[in-house]
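Asker: Attaching a single structure in structure tokens format; questions to follow.
The values are calculated or read from the model by the stated rules, or taken from the named source; none is laboratory data. These numbers come from a predicted model, not from an experiment. So basically every Cβ, Gly included, is an ideal-geometry build from the backbone, and we count neighbours across all protein chains shown. Note: areas computed on protein heavy atoms with side chains; ligands, DNA, RNA excluded. Shrake-Rupley method; radii C 1.70, N 1.55, O 1.52, S 1.80 Å.
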Amino acid sequence: MEALCQFFAIYGSLVNFIGINALLALSLYLTMAAGQLSLGSAAFAGIGGYTAGILTMKLGVPFLLSVAAGSILSGLVGLIIGLPVLRLRGVFLAIATLSFGEVVRIAVLNLDITGGAQGLVGIPNLTKTWGIYLALAVAGYTIARLRHSRIGWCFESIREDETAASAMGINTTYYKTLSFVLGAILAGFAGGLYAHLNYIITPREFGFSVAVDLLIFNIVGGIRVWYGPVLGAVLLTALPEILRGTGVTAGPIRMALNGLILLLVILFLPNGLVSIFGRTGQEREKAPVDAVPEEG
Amino acid sequence: MFVHVKDVTRTFGGVKALDGISLAVKRGEVHGLIGPNGAGKTTLINVLSGIIAPSSGEVILDNSPVQTLPAYKLAARGVARTFQNIRLFPAMTCLENVIAGQHLVALRPFFPRLFCLPSAGRQEKEHRRQAMDCLARVGIESKAHFPARALSYGERRRLEIARALASRPRLLLLDEPVAGMRQQEVEQVGSLIQSLAAEGMTILLIEHNMSFVMGLCATITVLNFGRTLVTGNPNQVSRHPEVIEAYLGASENNA
Ligand SMILES: Nc1ncnc2c1ncn2[C@@H]1O[C@H](COP(=O)(O)OP(=O)(O)OP(=O)(O)O)[C@@H](O)[C@H]1O
Ligand SMILES: [Mg+2]
């Protein structure tokens, strides 16, 4: 018990941060499940975080209510942004969502109510570790069950071939927007939890590099199953700390390390680390040895 | 008439892919669409399935105009199709492809699944059974658990038909369903189409394989330069001098 307390005293904030990153990675996963490449998740987390922080701090709104409000506002912004932006495909969509992220960051930098570059200071520390992990468990379970539901099949079909999906009756605009809004809601929620961890949030914490990190968590972990992004987030968030424990100061080389891991995964495990354990896309691709024409 | 295309045009830049085409398809018939490369056959099927909108003209399906509807709404009216260049969901297994194709006929609500209610499990089992039936119908049930991308060319075409059948369509549009198939497969697909028509499904198919079209279709429409050259039964069409000139003569060597 004492050892556990000691571990928490040292690594408590890391454990919290891992949970938040896993939630954020899942939020991007929701959007990527429908084949949409978004670099806007960090900005949605920012919208949720600032909204929730301002509500509790300046208006005395109860913690859960302000986190929920931030989450809903983030979802609404996702809806407004998503409808026009999701007409774009692939890299154009990524650029559009990236610009959206910049707009949010610059707005937060220049508004009074958000505290500008100094950040929003004095947010009460109300987020508990168990709360983060409860949220992660609920989100993970819900997303796992989403697969093979109507929505899940639609997302997967659109990701695989949007034209074929629409020809078999799927309203692709609706489901793409849904995936974007669900992602924004979850990102906003995670942002709200994050805001109540550290007294202070700054625009930098929701910037471009965070959006890229979230994408890397997904690709490294694997986007074929829901626990891929969680795995990616846990490993890549913990890695610098583990290295520091062994004496290597990984801080400055963290980005380079993430890049290297990303490269290795793309080269050798295109479906992500999850393809190491069994029945995912990777294995199924290799399974049919007798796939050649059988007669004639 | 189940399908009535009236004076439809479609231009791409300066190219008139469809140039005032008219066409009528009877309910429950197998209707062939032939013509030389670039005649506008695929474009017509794209218009009929809502993948592209016509520049002008009218498309009537079952007595209501549908030319402005997007693809997913046409699908809901009972139109299903396959693609000339095959558009499967490559990372899914064959069975999953067909289950995804059940979108219009399977509800699969989220909350029973979320709470693991027995009704969700029962439904899922039933959907898998129906999907297996579709695979069996096109003769690839033994490949149910193979990823679509691992299939042979002919099997992919058949899987695409199975996925289209999963939504129980009233109008099936097939864009070169037997291209690249071995003779045995061609015959299988031929008898499948016959049995579907016998059940009342209306089928419009594009094919360059002349013996296949002549043997299967009650009516054939010949397109050339985005216009209807002639419509009639196989006998009338194959004797038509302009058809012989525009199409049959040219394809004698590669048929
Ligand atoms: N999406 C598009 N964009 C631009 N041009 C197109 C498009 N689709 C078709 N076309 C043009 O329209 C004309 C008709 O093409 P279409 O694909 O309908 O012919 P087709 O009869 O199906 O020929 P094939 O037998 O080779 O499949 C061609 O000149 C083609 O280049
Ligand atoms: Mg064609």
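Asker: Quick check: is even one residue across the range A:106-127 surrounded by 14 or more Cβ atoms within 10 Å (Cβ to Cβ), part of a helix (DSSP H, G or I) and of a type in the set (S, T, N, Q)?
Answerer: Checked against the condition, which is being surrounded by 14 or more Cβ atoms within 10 Å (Cβ to Cβ), part of a helix (DSSP H, G or I) and of a type in the set (S, T, N, Q), the range A:106-127 yields no hits at all.
Asker: Next question, about the same structure. Which pairs turn up if I take residues in the range A:258-271 that are among the small types (Gly, Ala, Ser) and look for partners that are surrounded by 13 or more Cβ atoms within 10 Å (Cβ to Cβ) with beta carbon separation below 9 Å, at least 6 apart in sequence or on another chain?
Answerer: Listed by first residue and then by second, the contacts come to A:259/A:216.
Asker: Within the range B:125-142, which residues are within 13 Å of chain A (Cβ to nearest Cβ) and open to solvent by less than 20 Å² (accessible area, probe 1.4 Å)? Reasoning before the result, please.
Answerer: Filtering the range B:125-142 down to residues within 13 Å of chain A (Cβ to nearest Cβ) leaves B:125, B:127-128, B:131, B:134, B:139-140, B:142.
Within the range B:125-142, B:131, B:140 qualify.
Asker: If you take just the helices (runs of 4 or more DSSP H) that sit entirely in the range B:21-124, which of them hold at least 3 residues that are among the β-branched types (Val, Ile, Thr) and within 14 Å of chain A (Cβ to nearest Cβ)? Break it down into steps so the answer makes sense when it comes.
Answerer: Details: elements: B:41-48, B:71-76, B:94-101, B:110-114.
Fully inside the range B:21-124 and qualifying: B:41-48.
Asker: For the range A:13-40, which residues satisfy the criterion of being open to solvent by 10 Å² or more (accessible area, probe 1.4 Å) and assigned to a helix (DSSP H, G or I)?
Answerer: Across the range A:13-40, the qualifying residues are A:13, A:14, A:15, A:16, A:17, A:18, A:21, A:24, A:29, A:30, A:32, A:33.
Asker: Restricting the search to the range B:47-80, which residues are within 16 Å of ligand 2 (Cβ to nearest atom) and out of contact with any helix residue (DSSP H, G or I) (no Cβ under 9 Å at 6 or more places or on another chain)?
Answerer: Within the range B:47-80, the first condition is being within 16 Å of ligand 2 (Cβ to nearest atom), and the residues that meet it are B:47-49, B:51-52.
Of everything in the range B:47-80, just one residue is within 16 Å of ligand 2 (Cβ to nearest atom) and out of contact with any helix residue (DSSP H, G or I) (no Cβ under 9 Å at 6 or more places or on another chain), namely B:47.
Asker: Taking the conditions exactly as written (within 14 Å of chain A (Cβ to nearest Cβ), within 16 Å of ligand 1 (Cβ to nearest atom) and in contact with a helix residue (DSSP H, G or I) (Cβ under 8 Å, 6 or more places away or on another chain)), does residue B:180 satisfy them or not? Can you show your working first?
Answerer: Details: within 14 Å of chain A (Cβ to nearest Cβ): yes; within 16 Å of ligand 1 (Cβ to nearest atom): yes; in contact with a helix residue (DSSP H, G or I) (Cβ under 8 Å, 6 or more places away or on another chain): yes.
Here the answer is yes, as residue B:180 does meet what is asked.
Asker: Let me ask you something else. Residue B:153 passes all but one of (1) surrounded by fewer than 21 Cβ atoms within 10 Å (Cβ to Cβ); (2) under 16 Å from residue A:151 (Cα atoms); (3) facing chain A (nearest Cβ under 9 Å); (4) not basic (Lys, Arg); which number fails?
Answerer: Against the list (1) surrounded by fewer than 21 Cβ atoms within 10 Å (Cβ to Cβ); (2) under 16 Å from residue A:151 (Cα atoms); (3) facing chain A (nearest Cβ under 9 Å); (4) not basic (Lys, Arg), residue B:153 comes up short only on (2).
Asker: Within the range B:21-40, can you find the residues that are within 14 Å of ligand 1 (Cβ to nearest atom) and either in contact with a Pro (Cβ under 9 Å, 6 or more places away or on another chain) or not aliphatic (A, V, I, L, M) (or both)? Please lay out each step first, then the result.
Answerer: As a first pass, look at the range B:21-40 and keep what is within 14 Å of ligand 1 (Cβ to nearest atom): B:21, B:23, B:32-40.
Within the range B:21-40, B:32, B:35, B:36, B:37, B:38, B:40 qualify.
Asker: Any idea how many residues of the range B:1-20 are among the β-branched types (Val, Ile, Thr) and more than 10 Å from ligand 1 (Cβ to nearest atom)?
Answerer: Just the residues of the range B:1-20 that are among the β-branched types (Val, Ile, Thr), to begin with: B:3, B:5, B:8-9, B:11, B:15.
Still in the running and more than 10 Å from ligand 1 (Cβ to nearest atom): B:3, B:5, B:8-9.
Residues in the range B:1-20 being among the β-branched types (Val, Ile, Thr) and more than 10 Å from ligand 1 (Cβ to nearest atom): 4 in total.
Asker: What pairs come out if I take residues in the range B:198-217 that are of a type in the set (Ser, Thr, Tyr) and pair them with residues that are away from ligand 1 (no atom under 16 Å from the Cβ) and open to solvent by 10 Å² or more (accessible area, probe 1.4 Å) whose C-beta lies under 8 Å away, six or more apart or interchain?
Answerer: Partner pairs satisfying both residue conditions: B:202/B:26; B:202/B:27; B:202/B:28; B:202/B:29; B:202/B:170.
Asker: If you go through the range B:162-188, how many residues are more than 16 Å from ligand 2 (Cβ to nearest atom) and either under 19 Å from residue B:47 (Cα atoms) or in contact with a Pro (Cβ under 6 Å, 6 or more places away or on another chain) (or both)? Break it down into steps so the answer makes sense when it comes.
Answerer: First, the residues of the range B:162-188 that are more than 16 Å from ligand 2 (Cβ to nearest atom): B:162-172, B:181-188.
Filter once more, keeping what is either under 19 Å from residue B:47 (Cα atoms) or in contact with a Pro (Cβ under 6 Å, 6 or more places away or on another chain) (or both): B:164, B:169-172.
The qualifying residues number 5.
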